[in-house]
Amino acid sequence: MGAGGIGGIVAGTLMEIGLPVTAVSTNNQIRAAVDQKGFRIVDEGEERVVRGWISPAPEGKYDLCILATQPPNVEEATRTAMPSLADDAQVVVLQNGLCEERIAALVGENRVIGAIVAWGASMPEPGKYERTAAGGFTIGRLGGAEDDDLKHVAELLEAIGPVTTTTNLRGARWSKLALNCAVSALGTIAGERLGPLVRVRRYRRLALEAMTECVDVAKAEGVKLEKVAGTLDLDWIALSEADRASRGSASLTAKHALLLAVGLRYRRMRSSMLAAIERGRTPAIDFLNGEVVSRGVKHGVATPVNEKIMQTVRAIAKGELKSSRETLDQVCSGE
């Protein structure tokens, strides 16, 4: 369900290995482009074409549903798919944010598999899909169980990238949320890819502040955070009072260096929220920074940086502000 950057590569790759996949999208331009030219997948500069087609709606009965829409559309996509799913069909959630809980409310927790995407993709034009960062998936269930259905999904996704399983999906999801709250927001507000932005110290500091608030809220939720892609320790990278009191401490310098390294790894990544705004669609800010703000209110944890980021992205989506470094500088200065 969904044929944007991530969904197009997932669907096209699964078709490429011979699986009976039905890709679904309501976007007429994407459907027409794929019908005419196939899925054009660009990976490490090389383009390959996978012949296939995209349907405007599910057709038949399915034993697996992969949700690859933007977060604001995930519940509608699930409701659309449900009449076509077998009673025991599994539903795989690729969206950033905390969407597994929303989907569990619709289909039942025992049918939901969360898949955290550790790679990047964009759709520079309808039907053309470019991988912008290497990586794979971390998958698991909200309850932590590992079963045959989970193993089967892992085997399928291995065609796209390496897969690891986790018994702490919430911890892994919250860690990815913290990273998204920083990097997705920076790219959306500045209107640029990540690489040039992480080279600027004040932008890295804004990212660290946003991530720290997310860590604080996660702790209030009782979540034990997992490392992102096995390397980025959110508990460690969160700013301490000593970090905030010093510009040049060894601890703060190390945190900036690590964030710079992670940012350069994903330097070609372009925010999907920015792409949504450019296409006139609702950005997923309420599913990212908005989750941190709303749950912070619930627990009495202050989240002023994420609140400012959320309001700024909403203003950009409404046309009240423009995506630019000037706008990002205003967020950094607290204006």
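Inspect all residues belonging to the stretch 130-137 and state whether any of them is more than 13 Å from the chain's Cα centre (by Cα), touching a residue at least 60 places away in the same chain (Cβ under 8 Å), buried (at least 17 other Cβ atoms within 10 Å of the Cβ) and not assigned by TED's automatic domain parsing to the domain that holds Arg102. So far as the stretch 130-137 goes, no, none of its residues is more than 13 Å from the chain's Cα centre (by Cα), touching a residue at least 60 places away in the same chain (Cβ under 8 Å), buried (at least 17 other Cβ atoms within 10 Å of the Cβ) and not assigned by TED's automatic domain parsing to the domain that holds Arg102. Of all residues in the stretch 146-177, those satisfying the criterion of being under 17 Å from the mean Cα position of the chain (by Cα), in a helix (DSSP H, G or I) and not aliphatic (A, V, I, L, M) are Arg170, Gly171, Arg173, Trp174, Ser175, Lys176. Here the stretch 226-240 is the region considered, the condition is being modelled with pLDDT of 85 or more and in contact with a Leu (Cβ under 7 Å, 6 or more places away or on another chain), and the residue that is nearest to Lys176 (Cα to Cα) is Leu234. Among the residues making up the stretch 109-137, a single one is of a type in the set (Asp, Glu) and not in a strand (DSSP E or B): Glu109. Kindly establish whether Pro124 is more than 21 Å from Leu19 (Cα to Cα), crowded, with 17+ Cβ neighbours inside 10 Å and within 21 Å of the chain's Cα centre (by Cα). No: the conditions fail for Pro124.
In the stretch 87-121, the residue that is surrounded by the fewest Cβ atoms within 10 Å (Cβ to Cβ) out of those that are in contact with a strand residue (DSSP E or B) (Cβ under 8 Å, 6 or more places away or on another chain) and not hydrophobic (A, V, I, L, M, F, W, C) is Asp88. Is it true that some residue in the stretch 164-187 is surrounded by fewer than 21 Cβ atoms within 10 Å (Cβ to Cβ), closer than 21 Å to Trp119 by Cα and in contact with a Phe, Trp or Tyr (Cβ under 9 Å, 6 or more places away or on another chain)? Yes. Residues satisfying the criterion are present in the stretch 241-251 (criterion: out of contact with any Leu (no Cβ under 9 Å at 6 or more places or on another chain) and among the basic types (Lys, Arg)). Could you tell me whether the stretch 272-292 includes any residue that is over 15 Å from Cys214 (Cβ atoms), of a type in the set (Gly, Ala, Ser) and over 23 Å from the mean Cα position of the chain (by Cα)? Within the stretch 272-292, not a single residue is over 15 Å from Cys214 (Cβ atoms), of a type in the set (Gly, Ala, Ser) and over 23 Å from the mean Cα position of the chain (by Cα).
When Val107 is tested against (1) at pLDDT below 95; (2) over 21 Å from the mean Cα position of the chain (by Cα), just one condition goes unmet, and that condition is (1).
Residue pairs whose Cβ atoms lie under 6 Å apart, sitting 6 or more positions apart in sequence or on different chains, and linking a residue in the stretch 321-333 that is surrounded by 15 or more Cβ atoms within 10 Å (Cβ to Cβ) to a partner that is of a type in the set (Val, Ile, Thr), are Leu321/Thr327; Ser323/Ile316; Thr327/Ile189; Leu328/Ile189; Val331/Thr312.
Just one residue in the set Leu19, Leu64, Leu14 is of a type in the set (A, V, I, L, M), buried (at least 19 other Cβ atoms within 10 Å of the Cβ) and closer than 24 Å to Leu150 by Cβ; that residue is Leu14. Please indicate, with yes or no, whether at least one residue in the stretch 289-304 is more than 21 Å from Leu98 (Cβ to Cβ), crowded, with 16+ Cβ neighbours inside 10 Å and not small (Gly, Ala, Ser). Scanning the stretch 289-304 turns up no residue that is more than 21 Å from Leu98 (Cβ to Cβ), crowded, with 16+ Cβ neighbours inside 10 Å and not small (Gly, Ala, Ser).
The values are calculated or read from the model by the stated rules, or taken from the named source; none is laboratory data. Predicted, not measured: the structure shown is a model, and the values here were computed from it. No Cβ is skipped: glycine too gets one built from the backbone with ideal geometry, and neighbour counts run over all protein chains shown.
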